[in-house]
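Here the structure comes first, spelled out in structure tokens, and everything after it is commentary.
The values are calculated or read from the model by the stated rules, or taken from the named source; none is laboratory data. What you see is a predicted model, and the numbers here were worked out from it, not measured in a lab. Here the Cβ is made from the backbone with ideal geometry for all residues, glycine too, and neighbour counts use every protein chain on show.
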Amino acid sequence: MKRSMSMFLAFLLLAASTVLPAWALEPKQALDQTAQYVQTTVTDPQVASVGGEWAVIGLARSGLEVPQSWYDTYYTNLTSFTVQQQGVLSTRKYTEYARVVLALTALGKDPRTVAGYDLLAPLEDVEATVRQGVNGAIYALIALDSGNYAVSEGVREQYLAYLMAAQLPDGGWALAGERSDPDITAQALQALAPYSSQAGEAIDRGLADLDAMLEQGSFTTLESYAQAIITLCTLQRQPSDRLQEGFFSYRLPNGGFRHLSDGSVDGMATEQALCALVSLTRWEAGQSPLYSMGGGEPASSLPSMDALALLLPSALALIPRCVLGLGQP
């Protein structure tokens, strides 16, 4: 009897392995390993695009146990840097503010009161924010919506109109030129996700273009796979087997991830992978998306299509001609 039961169990395991690819069983385990790797390698989190906010966001949204001292170290470093800079994180790249707002929101802290400085306020300056390009608008909108922060009337409408105007003919987005970039397209869709009633057609076109780029082999870095997974989970869509398999092909046994398929472990790639794994596991558990953190004050009412139409000419004026595929500015 025991022998028969053992053979039956072995058969079930074999059958499961032939139906499910190995990576399909790994997201939670991979998250645990990658989170541990990040904590081990990022011991002094700073205000930085690597070894800073993305690590904080990923760990804080993972639901895993992380020493409070680790988060306290980041906040202490942020406070010191903010005082040193007199509240000016950057005069050119307003994604610095957006990234910090996201990290603070993930930690349950108010970005409007950091050592006496309001780090959310710069994102209300739409013209200064989009001077950086479409990624400035993307992350400003994501940051403002992450905590439902109340801002001046028309700010969200302007960012939304800007992103709608920047969509390329093929349905995607790019920092420059007329060929879509998978990373920027995925990020733009993340920003548009809360506005499906106004941007539903743009979202559908963007998703179709993202899928086409995956099929055509345009995903050549870990970050492309990671951002696409974050996007689909944000939009409550099932990440495809091909997308997940490609993503996990960059994972290393130590929990780190490579930037390129034949490269070594990379800090930026690992932190982006952490955020993607958090998105995937939160989606599978029926939890809110990575950047939907609530809190703050209720956002102003969503813009109507009429409001967006009125803002379209001014939004187009803010977009460099090279982004629209019209040549150099």
* Asked: Across region 87-114, what is the number of residues that are of a type in the set (A, V, I, L, M, F, W, C) and surrounded by fewer than 15 Cβ atoms within 10 Å (Cβ to Cβ)?
  -> 1
* **Residue that is at positive phi and within 18 Å of the chain's Cα centre (by Cα), where the choices are Gln287, Gln227, Gln236** => Gln236
* **Output for region 124-137, where each listed residue is buried (at least 23 other Cβ atoms within 10 Å of the Cβ) and either closer than 19 Å to Thr234 by Cβ or out of contact with any Gly (no Cβ under 8 Å at 6 or more places or on another chain) (or both)** => Val126, Val134, Gly136, Ala137
* Residues that are farther than 16 Å from Glu223 by Cβ and among the aromatic types (Phe, Trp, Tyr), drawn from region 25-54 -> Tyr37
* Are any of the residues in region 138-159 surrounded by fewer than 20 Cβ atoms within 10 Å (Cβ to Cβ) and of a type in the set (Ser, Thr, Tyr)? -> yes
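Please verify whether region 26-37 includes one or more residues that are at pLDDT 95 or above, assigned to a loop (DSSP other than H, G, I, E, B) and surrounded by 12 or more Cβ atoms within 10 Å (Cβ to Cβ).
Step one: filter region 26-37 for residues at pLDDT 95 or above, giving 30-37.
Adding the requirement that they be assigned to a loop (DSSP other than H, G, I, E, B) leaves none.
Scanning region 26-37 turns up no residue that is at pLDDT 95 or above, assigned to a loop (DSSP other than H, G, I, E, B) and surrounded by 12 or more Cβ atoms within 10 Å (Cβ to Cβ).
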* Check on Gly206, part of a helix (DSSP H, G or I), crowded, with 18+ Cβ neighbours inside 10 Å and at pLDDT 95 or above -> yes
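Just to be sure before I move on: is Leu260 modelled with pLDDT of 95 or more, out of contact with any strand residue (DSSP E or B) (no Cβ under 9 Å at 6 or more places or on another chain) and under 20 Å from Leu207 (Cα atoms) in the structure I sent?
On the way: modelled with pLDDT of 95 or more: yes; out of contact with any strand residue (DSSP E or B) (no Cβ under 9 Å at 6 or more places or on another chain): yes; under 20 Å from Leu207 (Cα atoms): no.
Taking the combined requirement at face value, the residue does not satisfy it.
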* Structure fact -> Within region 55-78, the count of residues that are within 15 Å of Val101 (Cα to Cα), of a type in the set (S, T, N, Q) and in contact (Cβ under 8 Å) with a residue 40 or more places away in the chain comes to 0
* Restricting attention to region 319-329, does a residue exist that is outside any loop (DSSP other than H, G, I, E, B) and either at pLDDT below 50 or over 18 Å from the mean Cα position of the chain (by Cα) (or both)? -> no
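Yes/no per residue for (1) among the hydroxyl-bearing types (Ser, Thr, Tyr); (2) closer than 25 Å to Val47 by Cα:
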residue: Val88; (1), (2): no, yes
residue: Thr105; (1), (2): yes, yes
residue: Arg112; (1), (2): no, yes
residue: Thr129; (1), (2): yes, yes
residue: Ile138; (1), (2): no, yes
residue: Ile142; (1), (2): no, yes
residue: Leu163; (1), (2): no, no
residue: Ala188; (1), (2): no, yes
* Hey, can you tell me all the residues within region 179-220 that are over 14 Å from the mean Cα position of the chain (by Cα), under 18 Å from Val130 (Cβ atoms) and touching a residue at least 24 places away in the same chain (Cβ under 8 Å)? => Tyr195, Ala199, Ala202
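Consider Gln84 carefully, then state whether it is modelled with pLDDT under 95 and surrounded by fewer than 16 Cβ atoms within 10 Å (Cβ to Cβ).
Working: modelled with pLDDT under 95: no; surrounded by fewer than 16 Cβ atoms within 10 Å (Cβ to Cβ): yes.
No.
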* Asked: Does region 25-54 hold any residues that are closer than 26 Å to Tyr94 by Cα, charged (D, E, K, R) and in contact (Cβ under 8 Å) with a residue 40 or more places away in the chain, and which are they?
  -> Glu53
